[in-house]
Amino acid sequence: MSEHTLFPNLFKPLDLGFTTLKNRVLMGSMHTGLEEAPHGFERLAKFYEDRAAGDVALIVTGGIAPNLAACVGPGAAKLTNKEEAEEHKLITSAVHKHGGKICLQILHTGRYGYHKDLVAPSPIQAPINFFKPKELTDDEIKQTIQDYINCALLSKEAGYDGVEVMGSEGYLINQFLAKHTNKRTDDWGGSYENRMKFPLEIVKGIRKAVGEEFIVIYRLSMLDLVEDGSSWEEVELLAQKIEESGATMINTGIGWHEARVPTIATMVPRGGFSWVTKKLMGKVSIPLIAVNRINTPHKAENILADNHADMVSMARPFLADAEIVKKSKELKFDEINTCIGCNQACLDHTFELKICSCLVNPRACHETEINILPTNTSKKVAVVGAGPAGLACSITAAEAGHEVHLFEAQNQIGGQFNLAKEIPGKEEFEETIRYYYSQIEKHRVNLHLGKKVNGPFLKEGKFDEIIIATGVTPRRPALNGIDHNKVIMYDQLLRKERVAGDKVAIIGAGGIGFDVAEFLLEGDSRSSLHIPQFMDEWGVDMEYNNPGALKPKAAMHPTREIFLCKRSPGKHGKSLGKTTGWIHRQSLKNHKVQMLSSVEYKKIDDQGLHLSVNGDDKILEVDHVIVCAGQLSVTNLFDELKESGLQPKIIGGADEAKELDAKRAISQGTKTAIAIE
Ligand code: FAD
Ligand code: NAP
Ligand code: SF4
């Protein structure tokens, strides 16, 4: 079977008239943080080079500002002069070396700029920004349009194949388009004709300046998801005018950054928003690109086959695996390291002003630093524990040429990921386990399942290196009544060894407490894989009856009464991811989960959980109490080996249980393997 039989649409070239794209996959724009880092352009060049070598048809860079006010923050990347254009040549030549194509994204943040000199059509502060924008004057608007055109010309000079004009996600162009943010009474505000003028002048000006043979993508906000956003009629009209103005393709934008609807997190169904792009198919004659949570070649093919779009954009999947397109073409699906939509090392890093990476691929954006080189001295390595830390360590060491023996007490690999994948909305974690199985086979790791090993066994094995990745075990707090049969540890619940009743209290509101609450709501016909139900739950109007496409959220009728308790004061979920914490909080709120803070646990008995909240005694008359009170490292084997004079290394949760997550476990596992000499 060939890629053309299995993917009749995905690998069909796309003829743009003056140039042809080799397949239908676009690598979407991602700000990586390298744009501003020391030696960032060299690092970016390698980052994009690897993706171009991986056969993607077209890459779009992270957003680059056309002037100072447009910047994301102080010192952020801009392209305003020839010296800056010169630096970009590193990137364009690296991509072209592999027959790839790359467009520069021109991004003006408008009122989302995280600096004091921000500007907008009207001086209305964004709810997600501390700074208030200054209103642009008529002259400044005209100059800004010129700056976009200048930026496009400089991109051409730097060797780019085109530009993408960022017109969505609530940035400046969107701010002109929507009544929500454009309250102007001059020629740039009021009627839709006036509000549209800003993007149309930009696209027309760019096309005139760069000539016919240069790609101009316009990223059009097809679904604003804010009050007073664009109506569908406006979206359609804008698309047609953008085509007339000279754009080559239209990419889809979904949701402003301030929208309170999850648009890319893991609980969003795969390809959950391609229906929006489909609405525009046939209304314009230039190619349309679908976006958001498209993370497998099969999903991409379905979207194209169902005529939802002419091309698909994947962004984070290229962090997870630079070769996703190449592996798809070679039909090596099991070897694809799939993006699980967690945001933990990509978007969360961006918001924390850190260099972006990927939880499942710590090499992402660190291609010049983390490299798996073949070893000259192959060693016999024992890795104990096949959770994320041990798995990452084993496949990396084996890829470098070591003889690796991976011992796992259970009959399956994955460690705690086997529990995580049971959480509704976290089904993607299964993909990571599948990926590791493929790599174990590919790199010939000697996998020993159902093998709980001890000190004497390891001593006898005469290993050159022993790496302990025995992970964590749930903490069982010393509460009065902790052995009562109402008590269920979270791992017993998620392994389905015990079933909870209709009224439940959860002790501990960290990541796992939140996840367990979601798990307990499963009986409430949770709909993580159903697009219409997801849209109903989050108030997205697929009929598009209102501007912005919002509607009242569907009322939830939880079948369980759940109390989520924590001892510390304040808001729940502070430790959750920056870009996903609000979603988990909102989801539990939608399902009427009761959040109790400042709790002191007294005892558990036949009546239920006795506690005090801010000093007031209460009894939660629950059927079960689920304990999610953090983790303890499993270090007995490590301690035993040390005592016997061996020098094992320790990684992952076994090394440090506090604030452990899979990002740290996989990164530490990978780096430990690379350091084996
Ligand atoms: P573990 O996953 O605990 O693996 C250790 C392995 O060692 C186990 O398979 C165990 O059987 C084996 N083992 C132990 N002793 C021996 C022995 N003597 N011999 C052989 N084998 C042995 N993290 C995130 O980053 N994001 C999330 O969204 C997320 N969600 C989660 C949701 C849930 C419900 C849970 C439970 C965890 C979640 N985590 C999440 C945490 C993440 O799964 C852990 O951080 C990660 O699994 C730790 O990896 P590890 O390899 O150190 O340990
Ligand atoms: P955690 O985030 O550290 O939370 C542990 C919870 O238990 C806290 O709410 C703590 O709250 C409570 N607790 C601690 N000791 C206790 C005790 N002796 N008695 C009663 N309560 C106690 O740990 P976790 O929820 O087990 O998660 C483990 C790791 O997995 C986390 O670090 C997280 O990074 C990762 N994870 C991440 C996600 C994600 O979405 N990113 C999801 C799941 C897991 P109080 O002290 O306030 O009571
Ligand atoms: Fe995908 Fe998570 Fe990696 Fe981001 S960190 S690219 S969301 S797997």
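Which three extents, in angstrom, do the Cα atoms of region 3-351 have along their principal axes, listed largest first?
Principal axes ranked by extent give 56, 42, 40 Å for the Cα atoms.
Tell me which of 504, 559, 596 sits at the most positive position along the dipole axis of region 487-629, charges placed on C-beta atoms (Lys, Arg +1; Asp, Glu -1).
Positive-most Cα among the choices belongs to 596.
When each pair of different Cα atoms in region 434-524 is counted once in the 1/r mean, what is the Kirkwood radius in angstroms, to one decimal? Intermediate results must be reported in sequence, preceding the final value.
Values: mean 1/r = 0.0581 Å⁻¹.
Taking the inverse mean of 1/r over all distinct Cα pairs, region 434-524 comes out at 17.2 Å.
Computed over the Cα atoms of region 274-313, what is the ratio Rg over Rh, Rh following Kirkwood? Could you put the intermediate results ahead of the total?
Numbers: Rg = 9.3 Å, Rh = 9.9 Å.
Reported Rg/Rh, Kirkwood definition of Rh: 0.94.
Against the 2.2 N^0.38 Å scaling, with N counting residues, where does region 344-436 land? I'd like the Cα-based Rg ratio to two decimal places. Kindly include the intermediate steps, with their values, before the conclusion.
On the way: Rg = 15.2 Å, N = 93, 2.2 N^0.38 = 12.3 Å.
My calculation over the Cα atoms of region 344-436 gives 1.24.
I need the semi-axes of the equivalent ellipsoid of the chain: take the C-alpha gyration tensor, multiply each eigenvalue by 5, square-root it, list largest first in whole angstrom.
Working: eigenvalues 395, 212, 95 Å².
Semi-axes (√(5λ), whole Å): 44, 33, 22.
With θ set to phi - 60° and the Karplus curve 6.51 cos²θ - 1.76 cosθ + 1.60, what are the ³J(HN,Hα) couplings of region 32-46 in order, to the nearest whole Hz, using x for Gly and Pro?
Result, rounded to whole Hz: 9, x, 6, 4, 10, 7, x, 6, x, 5, 5, 5, 5, 4, 5.
Along each of its three principal axes, how wide is the spread of alpha-carbon positions in region 487-629, in whole angstrom units, largest first?
Ordered largest first, region 487-629 gives principal extents of 52, 32, 24 Å.
For residue 557 and residue 117 in the same chain, what is the full-extension length gain: residue separation times 0.36 nm, less their Cα-Cα distance, in nm? Let's see the in-between values first.
Values: separation 440, 0.36 × 440 = 158.40 nm, distance 4.70 nm.
Extra length from residue 557 to residue 117 when fully extended: 153.7 nm.
When you count, for each residue, the other Cβ atoms within 10 Å and take the mean per peptide, how do 88-95, 347-354 rank with the highest first?
On the way: 88-95: 20.8, 347-354: 15.8.
Final packing ranking: 88-95, 347-354.
Quick check: the angle from helix 511-520's long axis to the longest principal axis of the chain, C-alpha only, nearest 10 degrees?
90 degrees
Can you give me the Cα centroid spacing of region 483-560 and region 588-658 in angstrom?
21 Å
With 15 Å as the cut-off, how large is the P(r) tail for region 539-588, expressed as percent of Cα-Cα pairs?
Numbers: 789 of 1225 pairs.
Considering region 539-588, 64 percent of its Cα-Cα pairs are separated by more than 15 Å.
State the volume of the convex hull built on the alpha-carbon positions of region 93-200, expressed per residue in Å³ and rounded to an integer.
Details: hull volume 12.1 nm³, N = 108.
Convex hull volume per residue, Cα atoms: 112 Å³.
Compute the separation of the alpha-carbon centres of region 138-168 and region 298-312 and state it in Å as a whole number.
Measuring centre to centre over Cα atoms gives 30 Å.
With every atom except the alpha carbons ignored, what do you get for Rg and Dmax of region 1-135, in angstroms?
Every Cα atom of region 1-135 included, Rg and Dmax give 18.0, 59 Å.
Measure out, as a whole number of angstrom, how far apart the alpha-carbon centroids of region 181-218 and region 377-416 sit.
Centre-to-centre (Cα) distance: 55 Å.
If you line up the long axis of helix 82-96 against the longest principal axis of the chain, both from Cα atoms, how many degrees apart are they, to the nearest 10?
Helix 82-96 and the main axis of the chain meet at about 60 degrees.
Under the Kirkwood approximation for Rh and a Cα-based Rg, what ratio Rg/Rh is obtained for region 393-486?
Numbers: Rg = 16.8 Å, Rh = 15.7 Å.
Looking at region 393-486, the ratio lands at 1.07.
Does anyone have the angle between helix 581-590 and the longest principal axis of the chain? Alpha-carbon axes, 0 to 90°, nearest 10?
80 degrees
Which length gain, in nm to one decimal place, applies between residue 448 and residue 233 when the Cα-Cα distance is subtracted from 0.36 nm times their residue separation?
Numbers: separation 215, 0.36 × 215 = 77.40 nm, distance 6.05 nm.
Additional length available on full extension: 71.4 nm.
Applying 1/(1 + (r/R0)^6) with R0 = 60 Å to the Cβ-Cβ distance of residue 522 and residue 193, what FRET efficiency is obtained, to the nearest 0.05?
On the way: r = 50 Å, r/R0 = 0.83.
It comes out at approximately 0.75.
Report the trypsin sites (Lys or Arg not before Pro) located in region 134-235 that are in a DSSP loop and have at most 14 other Cβ atoms inside 10 Å of their Cβ, or state none.
183
If I model a spin label as a point 7 Å beyond the Cα along the Cα-Cβ vector, how far apart are those points for residue 373 and residue 240 in nm?
With each label placed 7 Å out from Cα toward Cβ, I get 6.1 nm.
Using +1 at the Cβ of each Lys and Arg and -1 at the Cβ of each Asp and Glu in the chain, identify which of 237, 339, 660 lies farthest towards the dipole's positive end.
660
Report, please, the projected area of region 180-273 averaged over directions, based on the convex hull of its C-alpha atoms, in nm². Before the final figure, lay out each step's value.
On the way: hull surface 28.9 nm².
Average of the hull's projected areas for region 180-273 equals 7.2 nm².
Which percent of the accessible area of the chain is formed by carbon and sulfur heavy atoms (probe 1.4 angstrom)?
Working: 13180 of 27020 Å².
Summing carbon and sulfur atoms, their accessible area is 49 percent of the total for the chain.
Please give the per residue accessible area of the chain, computed with a probe of 1.4 Å over protein heavy atoms only, in Å². Walk me through the numbers before you get to the answer.
Working: 27020 Å² over 677 residues.
For the chain, the solvent-accessible area averages 40 Å² per residue.
The values are calculated or read from the model by the stated rules, or taken from the named source; none is laboratory data. A quick note: this is a predicted structure, and the numbers were derived from the prediction, not measured. Glycine also receives a Cβ, built like all others from the backbone with ideal geometry; neighbour counts cover every protein chain displayed. When the accessible area is computed, the model is the full protein with side chains, heavy atoms only, and any ligands, DNA or RNA have been set aside. Shrake-Rupley method; radii C 1.70, N 1.55, O 1.52, S 1.80 Å.
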